[in-house]
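*Asks:* Quick one: the structure is below, and I'll ask about it shortly.
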Amino acid sequence: MSSLPPDVEAVFEQHRGRLFGIAYRLLGSVADAEDACQDAWLAWSRVDPATVEAPQAYLTRTITNLCLNQRRGRQRRREDYVGPWLPEPIDTAKLPDEAAELADSVTFAMLVLLESLSPRERAAFVLREVFDVPTQEIATALASTPAAVRQLISRARARLAGGAPRYDVDPLSVREVTGAFVEALRAGDVGAASRLLAPDIELLTDGGGRVSAALHPIHGPARVLAFLAGLRAKVTDAAFEARDVNGRTGVLVRSALAGDTLYQMGVRDGRIVRIWVIRNPDKLGFVG
């Protein structure tokens, strides 16, 4: 960057955090978001800033289209993925996002829901609902019209509302329930652990074919506890660490023998209704 005029680098750095925030929400992957930001920088470095009337709008359009291209290019990879695919978690403290109040839009619950949208629905929804980008600007980014963008946002809202389990939004509630559940498991108190699970509990494990993991969702308290007990039995050197992951408390279990595992909980009315288990080592670099 040093060979370029200072204002070129300064303008991009001013918007880098926002661009990463958009890309991460559109792709659900830290590594892919960073690649998109690098490509956006390369595109920006070839432009004379004096010819760009609104740099933020220009960069927003650039990162959006780069992300849409990435999603099209990785569709085959997703189809070949072994077992459930879950978003790549990130330590919230490391998230280069310019507004802490946007943390609710990077929770695991939200990122998983966003996967149910089409790429264009997701882009329109994220830009409008999270980053408050004007509809006309979104239409320009998507090579569409304001009316079509409003339809995309409306469909996205309807899909998210229709498929969204209700979760507690209070981070303290999630932290307390997560901590109590982990302590019950560590103590071998099956009764206490079971009482913290909702009857409709679902567990999803992302191993990516790299490590042992359940290839299908696991339902019901008894089956979930049996699966977790099986994992725990294999990890005799476990070290438990509470982590602020994607705006909520998660638990990172470190093990030299079995590899690291991250647990994220979705809590409703003080009981756990979803457990997301990330074991794919490719996805744990930003919380390890």
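*Asks:* With the other protein chains left in place, how much accessible area per residue, in square angstrom, belongs to the chain at a 1.4 angstrom probe? Numbers along the way, then the final one.
*Replies:* On the way: 13300 Å² over 288 residues.
Per residue, the chain has an accessible area of 46 Å².
*Asks:* Looking at segment 149-288, send over the antiparallel percent of its DSSP beta bridges, to the nearest 5. Numbers along the way, then the final one.
*Replies:* Numbers: 20 of 26 bridges.
So the antiparallel bridges in segment 149-288 amount to around 75 percent.
*Asks:* Run the helix sum for the chain: -39,500 (n - 2.57) per DSSP H stretch of 4+ residues, divided by residue count, reported at 222 nm to the nearest 500 deg cm²/dmol.
*Replies:* Working: 11 runs with 138 residues, N = 288.
It comes out at -15000 deg cm²/dmol, rounded to the nearest 500.
*Asks:* Can you give me the % of accessible surface on the chain that is carbon or sulfur? Probe 1.4 Å, all protein chains present, nothing else counted. Spell out each step's value before the answer.
*Replies:* Working: 7050 of 13300 Å².
That share works out to 53 percent.
*Asks:* Mind pulling the angle between the C-alpha long axis of helix 146-163 and the longest principal axis of the chain? Nearest 10 degrees, somewhere in 0 to 90.
*Replies:* Value to nearest ten degrees: 0.
*Asks:* Once ligands and nucleic acids are excluded and a 1.4 Å probe is used, how much of Ser118 is accessible, expressed in Å² to the nearest 10?
*Replies:* Roughly 40 Å² of Ser118 is accessible to a 1.4 Å probe.
*Asks:* What share of the DSSP beta bridges in the chain is antiparallel, in percent to the nearest 5? Before the final figure, lay out the partial values.
*Replies:* Values: 21 of 27 bridges.
Around 80 percent of the beta bridges assigned by DSSP in the chain are antiparallel ones.
*Asks:* Using only Cα atoms and rounding to the nearest 10 degrees, what angle (0 to 90) does helix 55-73 make with the longest principal axis of the chain?
*Replies:* For 55-73 against the chain, the angle is about 50 degrees.
*Asks:* If you line up the long axis of helix 30-45 against the longest principal axis of the chain, both from Cα atoms, how many degrees apart are they, to the nearest 10?
*Replies:* So the inclination is approximately 10 degrees.
The values are calculated or read from the model by the stated rules, or taken from the named source; none is laboratory data. This structure is a prediction, so every number in the text was calculated from the model and none was measured. Just the protein is used for accessible areas: all its heavy atoms, side chains included, with ligands, DNA and RNA removed. Shrake-Rupley method; radii C 1.70, N 1.55, O 1.52, S 1.80 Å.
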